[in-house]
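The values are calculated or read from the model by the stated rules, or taken from the named source; none is laboratory data. Quick caveat: nothing in here was measured; it's all calculated off a predicted structure. Glycine gets a Cβ as well: all are built from the backbone with ideal geometry, and neighbour counts include every protein chain shown. Surface accessibility is based on the protein's heavy atoms, side chains included, excluding ligands, DNA and RNA. Shrake-Rupley method; radii C 1.70, N 1.55, O 1.52, S 1.80 Å.
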Amino acid sequence: MIIVMKPNAADESIHSIIQYIEGNGLQAHLSKGTEVTIIGIVGDKSKLAAENIMSFKDVHKIVPVTESYKLSNKQFHPEPTTVKVGNTTIGPGTLTIMAGPCAVETREQLLSIAHAAKQGGANILRGGAYKPRTSPYAFQGLEEEGLAFMKIAQEETGLATICEVVSHEAINAAVKYVDMIQIGARNMQNFYLLKEAGRSGLPVLLKRGLCATIDEWLNAAEYIIAEGNPNVVLCERGIRTYETATRNTLDLSAVPVLKEKTHLPIIVDPSHSTGSYRYVPSMAKAAVACDADGLMIEIHNDPANALSDGPQSLTFKKFYKLCEELHPFAQLVGRKF
Ligand code: PEP
Ligand code: MN
């Protein structure tokens with residue numbers, strides 16, 4: 001449940017309610033917005049009597065929260081969250097562009113792509129060092145060596161960096177080299193990995209599972225936040241449907257639905273959702289138009305010879321063109337880019 005305080009509620013009133021909640025063995029989460037102050041309660045509410053809470057000074061009303069996710073719930077935190085990643089932020093008023101190769105292949109490959117990402121206007125460099133591939137015989141990633149190249153690229157370009165993690169070992173390595181970690185679609189419900197990501201101290205990009213509902217996705221985000229890490233960004237990357245013309249089906253309606261249900265930023269990945277560079281520009285523009293907080297786009301210096309996801313990777317030239325075309329869309333929705 002949440003306790004909505006009266007406008008201009010006194011700090012002492014807020015403090016005494018929090019003490020009462022914590023004194024009963026529950027957690028209190030304070031959200032102080034410009035309009036309204038809310039105290040969210042997590043735990044066994046049967047320990048609290050509503051009439052006791054209503055008797056506290058400056059309480060306006062009590063609202064039950066029926067969803068099982070609380071900390072990621074917009075009712076708990078009505079203002080949109082801004083997540084800091086290295087020297088940049090993801091959230092309202094800005095359009096984040098994460099660009100880079102599917103997989104880090106060599107130092108030279110990554111550096112050339114990093115410079116192109118920056119030139120196009122990206123603020124975060126993506127690059128996979130641990131690749132969860134469908135086939136065990138496909139390129140599995142350079143692992144820690146790839147992370148070290150990401151660090152070099154970050155130092156050379158000033159771009160913030162993100163890398164997918166697939167295990168405890170990968171998280172321990174990633175914290176030494178990158179600014180943000182990614183939990184991929186295949187691990188969205190790997191709850192132990194989510195908890196570890198929550199304890200990593202780094203912001204987390206949580207991709208939607210291939211067959212996950214929005215509620216399951218928000219519960220996965222809750223696992224991370226419940227470990228004390230509020231810096232979670234969601235990424236819609238397409239879901240499995242009966243349609244085979246595209247690699248997955250991009251669920252753009254997830255963006256407005258999530259804006260209603262959660263305060264977390266949401267970015268869209270037109271590359272993994274469509275599987276073809278030909279559809280990436282249209283879907284990227286549509287994502288910005290429906291008010292996504294950013295995009296994740298795969299780019300490559302030589303898509304035809306990429307070790308992973310070449311068919312969906314944009315050449316540098318196509319990436320620059322897309323970034324140019326995104327400007328009016330960003331302007332329309334009031335986002336700086
Ligand atoms: C990726 O971003 O490299 C990736 C593997 O994406 P997903 O988990 O969405 O398939
Ligand atoms: Mn990929």
(request) Could you work out which residue, out of PRO270, PRO303, PRO256, moves most in a Gaussian network model of the chain, that is, has the largest mean-square fluctuation with Cα springs under 10 Å? (result) PRO256
(request) Treating the angle as unsigned and between 0 and 90°, give the value, to the nearest 10°, between the Cα long axis of helix 107-120 and the longest Cα principal axis of the chain. (result) 70
(request) Give me the percent of the accessible area of the stretch 83-332 that comes from carbon and sulfur atoms, probe 1.4 Å, all protein chains in place. (result) 53
(message) Need one value: the accessible area of ARG186 in square angstrom, 1.4 angstrom probe, rounded to the nearest 10.
(response) 120
(request) For the stretch 1-90, give the magnitude of the charge dipole about the Cα centre (Cβ charges: +1 Lys/Arg, -1 Asp/Glu; no others), in debye to the nearest 20. (result) 160
(request) Return one number: the angle in degrees, 0 to 90 and rounded to the nearest 10, between the long axis of the Cα atoms of helix 144-157 and the longest principal axis of the Cα atoms of the chain. (result) 90
(request) Give the residue from PRO132, THR246, GLY310 lying farthest towards the positive end of the charge dipole for the chain; charges sit on Cβ (+1 for Lys and Arg, -1 for Asp and Glu) and the dipole is referred to the Cα centre. (result) THR246
(message) Students sometimes get this wrong: rank HIS15, HIS272 by accessible area, probe 1.4 Å, all chains present, largest first.
(response) HIS15, HIS272
(request) Give me the Debye-computed log₁₀ of I(q)/I(0) at q = 0.26, 0.29 Å⁻¹ for the stretch 2-63, equal point scatterers on Cα only, no solvent, two decimals. (result) -1.18, -1.47
(message) Based only on Cα atoms, what mean projected area does the convex hull of the chain have, in nm²?
(response) 17.4
(request) Sum up the charges of everything whose Cβ sits under 9 Å from the Cβ of LEU210, counting Lys and Arg as +1 and Asp and Glu as -1, but leave LEU210 out. (result) +4
(message) With every protein chain left in place and a probe of 1.4 Å, what is the accessible surface of ILE90, to the nearest 10 Å²?
(response) 0
(message) Taking the Cα centroid of the stretch 28-49 and of the stretch 231-279, what is the distance between the two, rounded to the nearest whole Å?
(response) 31
(request) Mind running the shape call on the stretch 33-129? Use the C-alpha gyration tensor, a ≥ b ≥ c as the square roots of the eigenvalues: rounded below 1.5 for a/c, prolate if a/b tops b/c, oblate otherwise. (result) prolate
(message) Can you compute the charge dipole magnitude of the stretch 132-265 about its Cα centre, using +1 on each Lys and Arg Cβ and -1 on each Asp and Glu Cβ, nothing else charged? Give it in debye, rounded to the nearest 20.
(response) 280
(request) Can you tell me the dipole magnitude for the chain around its Cα centre, using point charges on the Cβ only (Lys, Arg +1; Asp, Glu -1), in Debye to the nearest 20? (result) 440
